[in-house]
Protein chains: 2
Amino acid sequence: VIGRRRLLIATAAGLAAPALRAQAPALVSPADLAHAAALRDRALADRHAWPLLESLCTEVGARPAGSPADARAVQWAVANATRLGLSNVRAEPLQARVWQRGATEVAIAAPHPQKLTALALGNSASTPPDGLTAEVAAYADFDTLRADTSDRARGRIVFIDQHTERTRDGRGYGFAGRARWNGPAEAARRGALGVVIRSIGTDRQRFAHTGAMNLQDGVPVLPAVALAPPDADVVARLAARAEPLRLFLRVVAHQGVDVTTHNVIAEVPGRGPRADEIVLIGAHLDSWDVGQGAADDGAGVAIVLAAAKHLLDAGRAPARTVRVVLFGNEENGFDGARAYGDRHGAVRHQLVGESDFGAGRVWRLRSRVAAEALPAIDALAGLLAPLGIEAAGNEGTPGPDAGVLMRRHRWPAIELTQDGTAYFDVHHTENDTLARIDAATLPQNVAAWATTAWVAAQADVAF
Amino acid sequence: VIGRRRLLIATAAGLAAPALRAQAPALVSPADLAHAAALRDRALADRHAWPLLESLCTEVGARPAGSPADARAVQWAVANATRLGLSNVRAEPLQARVWQRGATEVAIAAPHPQKLTALALGNSASTPPDGLTAEVAAYADFDTLRADTSDRARGRIVFIDQHTERTRDGRGYGFAGRARWNGPAEAARRGALGVVIRSIGTDRQRFAHTGAMNLQDGVPVLPAVALAPPDADVVARLAARAEPLRLFLRVVAHQGVDVTTHNVIAEVPGRGPRADEIVLIGAHLDSWDVGQGAADDGAGVAIVLAAAKHLLDAGRAPARTVRVVLFGNEENGFDGARAYGDRHGAVRHQLVGESDFGAGRVWRLRSRVAAEALPAIDALAGLLAPLGIEAAGNEGTPGPDAGVLMRRHRWPAIELTQDGTAYFDVHHTENDTLARIDAATLPQNVAAWATTAWVAAQADVAF
């Protein structure tokens with residue numbers, strides 16, 4: 001939480017440090033800089049993002065791609081973007097092939113029967129209808145499994161007791177996440193019958209964290225589940241004993257279900273010769289099938305919609321078109337990003353960015369733009385510094401959908417890194433609800449995105 | 001958490017403050033006081049309670065009375081009390097008539113469909129097999145419902161949005177709990193079809209808190225559920241709008257199931273003429289059918305067993321017999337307490353007490369003893385002061401089972417009040433697991449109970 005008072009002090013400090021901004025005048029005009037600063041400060045008093053997020057969590061909740069709730073989320077987004085006064089609001093249909101969860105049951109079968117709290121991983125195979133019971137081969141972490149050249153996993157259920165380190169930038173998740181992404185395939189290569197991982201998450205609550213596992217060519221797909229942390233503790237304690245430990249696993253899952261979903265688009269239209277160039281600020285509209293999709297990614301949806309609203313309310317049309325894109329099916333395959341690229345790949349994109357890391361405050365700006373555009377990024381950095389945001393180079397990676405587009409189309413990109421310290425407490429769990437969102441940090445996000453979009457839209461340089 | 005260093009300082013301070021202890025010599029001998037102090041200090045380095053609790057959560061988990069897990073908990077308790085070296089270890093069978101949970105489904109039916117996280121309340125009726133859908137009559141709290149003389153609830157599902165205040169001593173629960181205990185009957189009297197309450201709990205996690213509702217003569221029993229806090233938020237927000245709100249409710253429950261369970265008893269036998277008098281330190285072995293029963297009441301089970309172990313290891317037989325009683329079926333009707341009273345009511349009980357408020361540190365001592373025994377309580381208070389425990393009069397109420405016995409048999413009682421600030425975050429939820437227990441506060445509890453039991457066993461006065 002960044003207090004109002006601290007921000008005002010930071011603003012004064014920012015204005016007194018002209019070093020970064022001195023390089024910029026050639027690329028961002030003084031009038032545009034002044035407009036950006038005013039926009040930023042008004043957005044810092046944002047009152048749009050919270051009601052949008054509250055509305056999405058209340059009226060829709062969980063919205064896995066292709067579900068009835070997803071369709072209602074699309075309607076919700078179109079209605080709300082329209083209500084906010086944004087232009088060219090539309091839902092662009094796209095096809096996706098998704099994984100769908102059925103029943104999941106996990107229990108200790110022996111020596112001490114106990115039901116465990118678990119969620120199947122996305123892409124998990126089903127077990128036989130009556131489930132399977134097998135002895136456990138326990139591994140302390142993913143690297144231990146990967147290093148195992150023995151026959152220990154064969155015919156067993158592999159348990160990976162990977163812990164997730166709490167970090168601000170998500171490094172802990174990136175490291176531990178390998179157990180979810182690649183653990184099942186590593187187990188399958190060793191002849192395992194199923195996989196059980198400690199949830200990739202930083203909390204101690206009894207929620208399992210779902211999320212997709214990777215499919216690898218030629219490797220069988222196993223039934224794979226994540227255990228809630230307290231249940232992983234139970235398995236770890238029993239696995240450490242001399243007695244053999246047997247788990248029961250029943251997973252019902254549906255692979256490759258063809259569904260229709262949508263990207264929702266809404267714009268603040270540009271005016272002038274560059275109006276057909278796009279500054280894309282995105283988020284994803286779908287969520288996992290658990291929780292309310294509040295942090296992932298209702299917050300991002302609310303932030304970029306509110307940012308666009310502030311651009312609109314500031315009364316000056318941007319030179320380039322600022323486009324909000326709410327991607328469909330991020331969680332289950334990035335189909336929205338790919339469909340957007342297929343449809344709009346020929347249009348010149350000045351910048352793509354995405355808010356998809358919860359509602360924590362933005363603490364870092366990283367770009368991925370041409371060298372000649374860097375003075376404009378410096379100007380942006382000067383504008384964001386009063387928000388407590390530090391510039392950190394030109395090796396940025398935007399959110400997942402924007403990342404797909406950046407890589408596929410070589411579009412310039414921006415990363416506004418949010419504080420993810422608490423994000424993996426609720427990520428991909430039933431506990432991802434509005435009740436866990438800090439309303440106080442949303443406006444700073446809105447201000448950062450509005451400012452970023454404006455500078456990108458006005459800069460006298462192709463990013 | 002009370003640190004070791006602070007306790008040592010407190011001990012020194014306690015020894016330097018002889019005011020309370022000056023009254024005591026007539027009732028507790030100097031040798032017994034010295035033994036108590038040594039016992040207390042050794043118990044403060046306790047290493048028994050945590051492994052006991054860990055073992056119970058690992059090897060048994062949830063253990064509702066009469067379930068197979070409950071039977072295994074009884075075996076566990078007998079085996080562990082025996083292993084600790086306690087005497088006369090036995091399981092005394094008793095009959096109970098319990099409520100059992102079947103499936104529960106709650107959802108917003110209109111205007112914005114959404115599945116809600118809920119648990120049926122103990123004693124809830126079933127809905128029709130296909131569930132029921134009805135408009136909601138929302139009440140801000142229990143008192144608002146009770147004051148309603150209109151026909152508003154008739155034919156509707158009553159929603160009670162009672163919030164629970166976080167307090168150290170559980171007052172917040174006592175006040176809010178009325179919505180669960182009596183809300184369903186108040187709704188039934190007004191012709192409601194079902195009842196949905198905000199969970200009686202202090203957390204913001206997506207867990208519903210179950211617990212029993214009271215049955216009242218001549219009042220129909222309704223289907224009644226508790227919503228997780230974030231889901232109660234959704235209902236409250238929609239109920240505040242002009243559009244009618246409809247809920248779907250499906251509850252399957254089994255009333256009045258006859259089961260057998262047990263009280264488990266283990267003793268540190270007294271020696272001498274008062275050996276047949278009993279100092280009872282209790283906890284309850286059963287739990288709700290959700291969670292691991294860690295805070296409620298695995299912690300209490302571990303604490304009183306560990307306290308008895310320290311009495312044993314201190315090497316002096318007590319004058320009276322110290323009896324650990326692990327009651328059966330506290331949660332679903334106090335059958336264990338009544339069965340104990342039926343069987344042992346004629347035996348002289350010097351004192352009854354119970355640890356059943358989680359694992360928080362003890363901060364208060366309250367007795368309920370004869371006036372002539374108060375100097376012995378003062379002596380006890382002097383011994384407990386170094387543990388950070390304050391004496392607070394003779395109007396104590398021991399735990400639930402001990403309270404039943406105190407009232408029925410007029411047995412003297414002791415209350416060692418634990419800090420319950422965090423207790424109602426996990427109380428009666430799936431989240432009541434070992435992962436939420438603070439291992440650091442267990443030894444202080446063990447020390448308090450060991451000291452209390454010894455002083456009660458030795459005092460030269462009938463409490």
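Please go through region B:79-91 and give me each residue that is on the phi > 0 side of the Ramachandran plot and buried (at least 22 other Cβ atoms within 10 Å of the Cβ), ordered by number.
Going residue by residue through region B:79-91, those that are on the phi > 0 side of the Ramachandran plot are B:85, B:88.
Once the filter is applied, which keeps residues that are on the phi > 0 side of the Ramachandran plot and buried (at least 22 other Cβ atoms within 10 Å of the Cβ), region B:79-91 yields nothing.
Mind listing whichever residues of region A:195-221 are surrounded by fewer than 24 Cβ atoms within 10 Å (Cβ to Cβ) and within 14 Å of chain B (Cβ to nearest Cβ)? Within region A:195-221, A:Thr202, A:Asp203, A:Arg204 meet the criteria. Residues in region B:328-359 that are closer than 16 Å to B:Ile278 by Cα and of a type in the set (A, V, I, L, M, F, W, C): B:Ala337, B:Ala346, B:Val347, B:Leu351, B:Val352.
Among the criteria (1) touching a Phe, Trp or Tyr at 6+ places or on another chain (Cβ under 6 Å); (2) modelled with pLDDT under 95, the one A:Ala242 does not fulfil is (1). Given the criteria in contact with an Asp or Glu (Cβ under 8 Å, 6 or more places away or on another chain), buried (at least 17 other Cβ atoms within 10 Å of the Cβ) and over 27 Å from A:Gln444 (Cβ atoms), does A:Leu94 qualify? Answer is yes for this residue.
Checked against (1) surrounded by 19 or more Cβ atoms within 10 Å (Cβ to Cβ); (2) in contact with a Ser or Thr (Cβ under 8 Å, 6 or more places away or on another chain); (3) within 14 Å of chain B (Cβ to nearest Cβ), A:Ala224 passes all but a single condition, namely (3). The condition of being under 23 Å from A:Thr441 (Cα atoms), crowded, with 22+ Cβ neighbours inside 10 Å and in contact with a Cys (Cβ under 7 Å, 6 or more places away or on another chain) holds for only one of A:Gly293, A:Gly282, A:Gly298, that being A:Gly298. Filtered by the rule that a residue be in contact with a helix residue (DSSP H, G or I) (Cβ under 6 Å, 6 or more places away or on another chain) and assigned to a strand (DSSP E or B), region B:193-229 gives B:Val195, B:Ile197, B:Arg198, B:Ala224. Being more than 14 Å from chain B (Cβ to nearest Cβ), of a type in the set (Gly, Ala, Ser) and out of contact with any Phe, Trp or Tyr (no Cβ under 8 Å at 6 or more places or on another chain) is true of A:Ala308.
All conditions in (1) more than 14 Å from chain B (Cβ to nearest Cβ); (2) of a type in the set (A, V, I, L, M, F, W, C); (3) under 20 Å from A:Gly170 (Cα atoms) hold for A:Val426, with the sole exception of (1).
Yes/no matrix, rows are residues, columns are (1) surrounded by fewer than 18 Cβ atoms within 10 Å (Cβ to Cβ); (2) β-branched (Val, Ile, Thr); (3) within 30 Å of B:Ala317 (Cβ to Cβ):
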site	(1), (2), (3)
B:Ala77	no, no, yes
B:Gly102	yes, no, no
B:Ala137	no, no, no
B:Gly155	yes, no, no
B:Thr164	no, yes, no
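Remark: pairs (first residue in region B:123-140, modelled with pLDDT under 95; second residue surrounded by fewer than 17 Cβ atoms within 10 Å (Cβ to Cβ) and among the hydroxyl-bearing types (Ser, Thr, Tyr); Cβ separation under 6 Å; 6+ apart in sequence or on different chains) are absent. If you go through region A:145-162 and keep only what is within 24 Å of A:Gly177 (Cβ to Cβ), without any contact (Cβ under 8 Å) to a residue 60 or more places away in the chain and touching a strand residue (DSSP E or B) at 6+ places or on another chain (Cβ under 8 Å), you end up with A:Leu145, A:Asp148, A:Arg152, A:Ala153, A:Arg156, A:Val158, A:Ile160, A:Gln162.
The set of residues in region B:35-51 that are surrounded by 24 or more Cβ atoms within 10 Å (Cβ to Cβ) and under 21 Å from the mean Cα position of the chain (by Cα) contains only B:Ala49.
Considering only region B:48-67, how many residues are away from chain A (no Cβ under 14 Å) and without any contact (Cβ under 8 Å) to a residue 60 or more places away in the chain? The total comes to 0. Counted as qualifying within region B:68-146 are no strands (runs of 3 or more DSSP E), as none has 2 or more residues that are more than 14 Å from chain A (Cβ to nearest Cβ), among the basic types (Lys, Arg) and touching a helix residue (DSSP H, G or I) at 6+ places or on another chain (Cβ under 6 Å). If you filter region B:429-445 down to residues that are away from chain A (no Cβ under 14 Å) and touching a Leu at 6+ places or on another chain (Cβ under 8 Å), you find that the one that is nearest to B:Val304 (Cα to Cα) is B:Asn445.
The set of residues in region A:227-237 that are within 8 Å of chain B (Cβ to nearest Cβ) and surrounded by fewer than 23 Cβ atoms within 10 Å (Cβ to Cβ) comprises A:Asp233, A:Arg237. From the list B:Gly393, B:Gly388, B:Gly382, the lone residue that is more than 24 Å from B:Val325 (Cα to Cα), small (Gly, Ala, Ser), more than 14 Å from chain A (Cβ to nearest Cβ) and in contact with a Gly (Cβ under 9 Å, 6 or more places away or on another chain) is B:Gly382. Filtered by the rule that a residue be over 30 Å from A:Leu132 (Cα atoms), among the hydrophobic types (A, V, I, L, M, F, W, C) and touching a residue at least 12 places away in the same chain (Cβ under 8 Å), region A:72-106 gives A:Ala73, A:Val74, A:Trp76, A:Ala77, A:Val78, A:Ala81, A:Leu84, A:Leu86, A:Val89, A:Ala91, A:Leu94, A:Ala96.
Set side by side, the residues A:Ala317, A:Ala307 differ, and just one is among the aliphatic types (A, V, I, L, M), surrounded by fewer than 24 Cβ atoms within 10 Å (Cβ to Cβ) and modelled with pLDDT of 95 or more, which is A:Ala317.
Would you be able to say whether some residue in region A:250-259 is surrounded by fewer than 24 Cβ atoms within 10 Å (Cβ to Cβ), within 14 Å of another protein chain (Cβ to nearest Cβ) and closer than 30 Å to A:Gln114 by Cα?
Of region A:250-259, the ones surrounded by fewer than 24 Cβ atoms within 10 Å (Cβ to Cβ) are A:250, A:252-259.
Adding the requirement that they be within 14 Å of another protein chain (Cβ to nearest Cβ) leaves none.
No; the residues of region A:250-259 include none that is surrounded by fewer than 24 Cβ atoms within 10 Å (Cβ to Cβ), within 14 Å of another protein chain (Cβ to nearest Cβ) and closer than 30 Å to A:Gln114 by Cα.
The values are calculated or read from the model by the stated rules, or taken from the named source; none is laboratory data. Note that this is a predicted model, so its numbers are computed, not measured. Counting neighbours? That spans all protein chains shown, and the Cβs are built from the backbone with ideal geometry, glycine included.
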